[in-house]
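**Student:** Handing you a structure now.
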Amino acid sequence: MSANENGSMRDKMPGVTAFIDECRDAFGAAEVNSWIREGLKDGSFWAEENGHTVGVKQEMTGDRTSLAQWLKGSDTIERDEARRQANERKEKWYR
């Protein structure tokens with residue numbers, strides 16, 4: 001399903017798009033966008049939420065982990081979140 005097909009993917013898959021936005025903030029939009037593009041081409045990207053699907057679900061085997069599980073507790077994500085929160089506090093202070 002594409003973003004133009006039956007409405008916005010942001011409306012249909014808010015959790016997925018929020019996660020992708022966080023990845024873009026942490027790793028850069030160009031990098032994450034290229035991961036998604038390549039993943040859609042080679043079949044390694046798949047997302048599903050609220051009955052909507054993007055990509056093709058691969059058969060899961062015991063040695064596979066979801067991206068959410070892999071990134072949970074990631075030092076990069078944790079540092080980025082701490083940096084984001086510090087910037088928000090700083091912005092509030094200077095208002």
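The values are calculated or read from the model by the stated rules, or taken from the named source; none is laboratory data. Not measured: the values here are computed from a predicted model. All Cβ positions, even for glycine, are placed from backbone atoms using ideal geometry, and neighbour counts span all protein chains on display.
**Student:** Before we move on, is residue 44 polar (S, T, N, Q) and outside any helix (DSSP H, G or I)? Steps first, please.
**Tutor:** Details: polar (S, T, N, Q): yes; outside any helix (DSSP H, G or I): yes.
Against the criterion (polar (S, T, N, Q) and outside any helix (DSSP H, G or I)), residue 44 qualifies.
**Student:** Evaluate the following for residue 77: is it modelled with pLDDT of 85 or more and surrounded by 11 or more Cβ atoms within 10 Å (Cβ to Cβ)?
**Tutor:** The answer is no for residue 77.
Let's see how each residue does on (1) modelled with pLDDT under 90; (2) in contact with a helix residue (DSSP H, G or I) (Cβ under 6 Å, 6 or more places away or on another chain); (3) outside any loop (DSSP other than H, G, I, E, B); (4) exposed (fewer than 11 other Cβ atoms within 10 Å of the Cβ):
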residue: 2; (1), (2), (3), (4): yes, no, no, yes
residue: 16; (1), (2), (3), (4): no, no, yes, no
residue: 20; (1), (2), (3), (4): no, no, yes, no
residue: 25; (1), (2), (3), (4): no, no, yes, no
residue: 32; (1), (2), (3), (4): no, yes, yes, no
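**Student:** Same structure, new question: May I ask you to list pairs of residues, at least six apart or on different chains, whose Cβ atoms are under 8 Å apart, with the first in the stretch 41-58 being within 13 Å of residue 19 (Cβ to Cβ) and the second being aromatic (Phe, Trp, Tyr) and surrounded by 13 or more Cβ atoms within 10 Å (Cβ to Cβ)?
**Tutor:** Pairs found: 45/35; 54/45; 54/46.
**Student:** Kindly list, by first and then second residue, each pair from a residue in the stretch 75-95 that is under 21 Å from residue 18 (Cβ atoms) to a residue that is modelled with pLDDT under 75 and assigned to a helix (DSSP H, G or I), limited to pairs with Cβ atoms under 9 Å and residues at least 6 apart or on different chains.
**Tutor:** Taking only residues 6 or more apart or on different chains, the pairs are 77/71.
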